[in-house]
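What follows is a single structure, written as structure tokens, with notes after it.
The values are calculated or read from the model by the stated rules, or taken from the named source; none is laboratory data. Keep in mind it's a predicted model, so treat the numbers as computed, not measured. When we count neighbours, we look across all protein chains shown, and the Cβ atoms used for this are built from the backbone with ideal geometry, even at glycine.
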Amino acid sequence: MMPLPWIMVFFPWVGSLVLLALPRLRVAAAVNIGCAAVSFGLALGLFTLPHGEQGWTRIDALNLPFVLLASFVALTTSIFSAATLAAEGFDHWRIRAYHGAFQVFLGAQYLALLSDNLGVLWVAIEIATLASVLMVAVHRTPAAMEAAWKFFILCGFGIALALFGTILLYSAAQTLLDAETGLSWVALKRVAAQCDADTLNLAFVFLLVGFGTKAGLVPLHSWLPDAHAEGPVTISAVLSGLLLNAAMLAILRAKAIVGAHPDTLSVGPLLMALGLASVLLAALALWRRRDARRFFGWSSIEHMGIAALAFGIGGAAATLAGLLHMIGHSLVKSAIFFGIGRAAQQKGSQKLADISGLVASDPSLGWGLALAIGAIAGLPPFLLFASEYAVLNAAMAAQPWLAVVLALGLVVAMTALIHTLQALCFGEATPDVAPGGSTLAVLVPLWLHLAVALLLGLAMPALFSSFLKAAAGMIG
Amino acid sequence: MSFGQLPYDLAHLFGGAVLLLSFVLLYQRRISAVINAFATQGALLALAAAWQGYVQGAMGLYVTAAIAFGAKAVLIPLALHRLVRRFNLQRGVDPALGIGASMIAGVAFAGFALLVVLPATAGQRALAREDLALALSVVLLGGLMMITRRNLISQVIGLLSLENGLILAAVGVAGMPLVMELSTAALVLMLAVIAGVFALQMGESFQSLDTESLDTHRGEGE
Amino acid sequence: MSILTGLVTQLLHLALILALAPVLTGCVRWLKARLMGRRGPHPLQPWRDLLKLVKKRPVLAENASIISRAAPYVAVGVALLAAALVPSFARGMLLAPFADLLLIAGLLALGRFAMALAGMDVGTSFGGLGATREMAFAALAEPALVLAALIFAILAGTTHLDVIIGIFQEGALGLRVSLGFAAVALLAVAVAENARIPVDNPATHLELTMVHEAMILEASGRHLALWDFQASFRLTLWLALLAAVFLPFGMAAPGAGPVAWVLGLGVFIAKMAALAFALAVFESAIAKMRLFRVPEFLGAALLLGLLGAVFLFVSTGLS
């Protein structure tokens, strides 16, 4: 009997094969939702298993919450996709390609989270990238092609550097391991203290640059805004919600290995520098965007920067804050993209200037989007407020000037977001191209995400928080 | 591990030949010459992998060599040649940076790779270190080619030759798990397929494969 | 005793070079013709041309100065001296202590200098054109040669040609990446120095493509014979240098007896034949480069030499 994690990885891929054969939109969308629902059930089932390795996969406190999160976001995204895909007007080839790529991406995402073997992790992230490139390019407009090509080239380069880092890591530990355990994360962490410190340093730099490109850290972020702006809205939701998390977790695993050796250079300042640069650049860039989806893409860069900063500061409290931030960001950002996607369909354009007065024209959507933007700006009582507050605390404890700069960046971003909130949701309504409010299939995912973010912010279940604390301890 | 031993020297020499071909890739002015140079680099990489398989006694490396040869020396160049003929592309490569400047930058990158890898891996066998330095040079030169070329096919070849460098690094490290190499090789094929799909789409939409025409759609797309 | 053997080998070597050089040029020409499907002139034809030309009186322009009269002698003397320094079948010849790679590079430069001056002496446009082109190529080719010498020097500890060949002959160094880069760089420099395709077509008389020919366009009679001799000596010198450094097996050690010399001679003839064949194939297979690409070509050779030197420098410095 195959271990449950393996089923979790392979089931979406089997599903994608089925989906490639289905040309009718409603059938394909229904099967898509079915696959995502089964994956969600499997993810819940993973919690019942003991922690440890099963061949090349591993269940531990670090990846279980994120696997659950990923399957949850996948489920709601598939429901949203079923509701809004009809308006895209795809022919049957594109429908097949889109749904197939969606499930391939999900399978790769679960593999990236569950994998113990660093090589398999790399392969999974690369598969997920390629699947999302295909999804970004599916519109075939010049802008979509440009975004997809830039995504392809930049992430190809980044992933290659990450592979070089993996090879270096292996060569550092090579004499201490045998071919069986080869690239196993747990084995590498065990022997890390006896490896050569310089090689570990060099390997980490490559891994940081490579996976940092995938996570959208400045200065390798330029693919992210364009990729979020093109392609169907669901791709933006899964990119922000899932792929960025997988890349960041890969960086964390690398950090754990390198941190196990007492003499390696402390990686904290590197992560802090990249994170802070991301926050500041994104905060400034938010003021100048005119396209709605690109605007929120930059917001993703900002939040990944905050998470990287938290991980850079290090220590249990800051790492916990970073993990919470990643979870909250996934939930709220996907909710935003659901809202914006539906709003763009209603108004017929993605530009910020063309979308306005949502509260007046479609109250349930408008208020949902308003709350979501407020949440991403860090307003209480949502989860992001708690995590940002914790990060500021940790920064203040580590380096006071850091907290000041971070707070400045957060305030600038928050004002931009509030400003956009007002422009989008309140004020005079712009004309609707596709009038008639939003169906339940659109609203339920949006509000559900908000509800979960609120719940986690106010009263996190003890099980969840114990997991995250254990995860923070594991990374160190 | 002295340098007088044939097995290690040959491995080194193959690595050096792959690096030499990276320079040749930067030097060419015509598209078909670039594709042919890439095919030669793929063949040399397959030779290097096969030789490492012989030296380390790892059967898996022979498989990697076969895949590298089949994909990079035969299939991908053939497909690229067909693409050039089909779109009747302008046969010149349009470099964004002059050929002389590209070569100088290439040497600078190669030197940088040496200076970065060799001191940092001081705890290991000399051969493994130089192999890694050579591989990183090939990776960086592939990246340079991606940056300094405007033609889409040249950019793809830059990306693929970057992957060549990675495979060179992977086969050089003894005992690398087979699944890594097989999946790397398979992913290269996928990359090439996606790039080919792109090229076809772009060629139909834009009637040319010059990525300059994409630049106007960058950013806010005014 | 060793001085005597040194003297004998040196004289034999000089005689060999004198006899062999025009034959080598003739062989390359004949092989190229055969590869292109023509019958081609007899390999000994250059000797016949030279003997015919030597008996004729040179005709000089009215405003030709002493340079036009002296340059052919300077060039051929220098080329012969350089060829005498590069060992062919035996090491440890009399002049071996002077056989330094940098000295050879300097002698070649001197010969090139004489040729360029001769080309510019009369003031014709073609002469000046050829001279400027030759000097432009030399500006890149010479550093490439010096960098290759640097690589050999780092490996062998000296630029002394005899010692380098001795160390390479022992085989302790094995195959090295830097040697590969040096080989490619030297091949490119050899092609440029000998005015071979793809840098320059030795058989052309079209104005736009001439480099070497343009400089000696005015020469006639005895002087022309000397210029042709000089070109043959240079070709022999370069092929012998490449054979000695990269294919060092078979050469007689210093102080060995006549048996070893005969063996070395046989191996040398075989190596020359192989290199001549390779050159003929190479020239027949590719087209001449456009003139503005030659600096790129030579620049690439220079950068390869630089890369090989950096590689060697860093790796020997760290291990």
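Points worth noting:
- Residue list for the range B:22-43, restricted to those being free of Cβ contacts under 8 Å to residues at least 40 places away in the same chain and either crowded, with 23+ Cβ neighbours inside 10 Å or among the small types (Gly, Ala, Ser) (or both): B:Ala33, B:Ala37, B:Ala39, B:Ala43
- Filtering the range C:243-267 to residues that are under 20 Å from C:Ile3 (Cβ atoms) and small (Gly, Ala, Ser) leaves C:Ala252, C:Ala253, C:Gly255, C:Ala256, C:Gly257, C:Ala260, C:Gly264.
- Pick from the range A:82-135, criterion of a type in the set (Phe, Trp, Tyr) and more than 11 Å from chain B (Cβ to nearest Cβ), ranking: surrounded by the most Cβ atoms within 10 Å (Cβ to Cβ): A:Tyr110
- A:Phe164, sole failed condition from (1) more than 8 Å from chain B (Cβ to nearest Cβ); (2) out of contact with any Asp or Glu (no Cβ under 8 Å at 6 or more places or on another chain); (3) under 23 Å from A:Asn117 (Cα atoms); (4) among the hydrophobic types (A, V, I, L, M, F, W, C): (1)
- Helices (runs of 4 or more DSSP H) (entirely within the range A:288-371) containing at least 2 residues that are free of Cβ contacts under 8 Å to residues at least 60 places away in the same chain: A:292-313
- You will find that of A:Leu188, A:Leu224, the residue that is more than 22 Å from the chain's Cα centre (by Cα) and of a type in the set (A, V, I, L, M) is A:Leu188 and no other.
- Qualifying residue in the range A:193-214 (condition: touching a residue at least 40 places away in the same chain (Cβ under 8 Å), outside any helix (DSSP H, G or I) and assigned by TED's automatic domain parsing to the domain that holds A:Asn32): yes
- Only one entry in C:Ala149, C:Ala138 is over 23 Å from C:Ala118 (Cα atoms), away from chain B (no Cβ under 14 Å), free of Cβ contacts under 8 Å to residues at least 60 places away in the same chain and part of a helix (DSSP H, G or I), namely C:Ala149.
- Residue in the range C:304-315 that is of a type in the set (S, T, N, Q) and facing chain B (nearest Cβ under 10 Å) present: yes
- Top-ranked residue in the range A:179-197 [being of a type in the set (A, V, I, L, M) and in contact with a strand residue (DSSP E or B) (Cβ under 7 Å, 6 or more places away or on another chain); ranked as modelled with the highest pLDDT]: A:Val186
- Among residues that are within 14 Å of chain B (Cβ to nearest Cβ) and either touching a His at 6+ places or on another chain (Cβ under 6 Å) or in a helix (DSSP H, G or I) (or both), C:Ala300 is included.
- Residue match in the range A:166-189 (condition: charged (D, E, K, R), within 19 Å of A:Val267 (Cβ to Cβ) and either buried (at least 22 other Cβ atoms within 10 Å of the Cβ) or in the same structural domain as A:Val258 (by TED's automatic domain parsing) (or both)): yes
- Top-ranked residue of the range B:27-47 - restricted to ones that are at pLDDT below 90 and not in a loop (DSSP other than H, G, I, E, B), ranked as nearest to the other protein chains (Cβ to nearest Cβ): B:Tyr27
- Meets criteria (crowded, with 19+ Cβ neighbours inside 10 Å and either in contact (Cβ under 8 Å) with a residue 24 or more places away in the chain or away from every other protein chain (no Cβ under 14 Å) (or both)) for C:Ile154: no
- Conditions (1) crowded, with 24+ Cβ neighbours inside 10 Å; (2) of a type outside the set (D, E, K, R); (3) within 14 Å of chain B (Cβ to nearest Cβ): number failed by A:Trp287: (1)
- Checked against (1) surrounded by 22 or more Cβ atoms within 10 Å (Cβ to Cβ); (2) of a type in the set (Val, Ile, Thr); (3) at pLDDT 70 or above, B:Val173 meets all criteria but (1).
- Criterion violated by A:Glu302 - all others in (1) at pLDDT below 85; (2) closer than 24 Å to A:Leu454 by Cβ; (3) among the acidic types (Asp, Glu) satisfied: (1)
- Scanning the range A:190-227 for residues that are within 11 Å of chain B (Cβ to nearest Cβ) and surrounded by fewer than 22 Cβ atoms within 10 Å (Cβ to Cβ) gives A:Gln194, A:Asp196, A:Ala197, A:Asp198, A:Asn201, A:Val205, A:Ser222.
- Put simply, of A:Leu392, A:Leu379 the only residue that is over 18 Å from A:Gln346 (Cβ atoms) and not in a helix (DSSP H, G or I) is A:Leu379.
- Looking across the range A:169-178 at every residue that is more than 7 Å from chain B (Cβ to nearest Cβ), closer than 17 Å to A:Ala260 by Cα and in a helix (DSSP H, G or I), the one that is modelled with the lowest pLDDT is identified as A:Leu176.
- Some residue of the range B:102-113 being modelled with pLDDT of 80 or more, more than 7 Å from every other protein chain (Cβ to nearest Cβ), surrounded by 24 or more Cβ atoms within 10 Å (Cβ to Cβ) and over 25 Å from A:Asp198 (Cβ atoms): yes
- In this structure, C:Asp100 qualifies as surrounded by 15 or more Cβ atoms within 10 Å (Cβ to Cβ) and out of contact with any Asp or Glu (no Cβ under 8 Å at 6 or more places or on another chain).
- Of all residues in the range B:1-12 being among the hydrophobic types (A, V, I, L, M, F, W, C) and surrounded by fewer than 21 Cβ atoms within 10 Å (Cβ to Cβ), the one that is farthest from the other protein chains (Cβ to nearest Cβ): B:Met1
- Tally of residues being free of Cβ contacts under 8 Å to residues at least 60 places away in the same chain and in a loop (DSSP other than H, G, I, E, B) across the range A:461-476: 1
- Of the residues screened, A:Phe151 is not one that is closer than 28 Å to A:Leu243 by Cβ, at the interface with another protein chain (Cβ under 8 Å from one of its Cβ atoms), part of a helix (DSSP H, G or I) and not basic (Lys, Arg).
- The residue that is nearest to B:Leu132 (Cα to Cα), counting only those in the range B:95-106 that are free of Cβ contacts under 8 Å to residues at least 12 places away in the same chain and hydrophobic (A, V, I, L, M, F, W, C), is B:Ile104.
So that you can scan it fast, the table gives a plain yes or no per residue for (1) over 30 Å from A:Asp91 (Cβ atoms); (2) modelled with pLDDT of 85 or more; (3) surrounded by 17 or more Cβ atoms within 10 Å (Cβ to Cβ):
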| position | (1), (2), (3) |
| --- | --- |
| A:Phe11 | no, yes, yes |
| A:Ser16 | no, yes, yes |
| A:Ala29 | no, yes, yes |
| A:Val38 | no, yes, yes |
| A:Leu42 | yes, yes, yes |
| A:Leu46 | yes, no, yes |
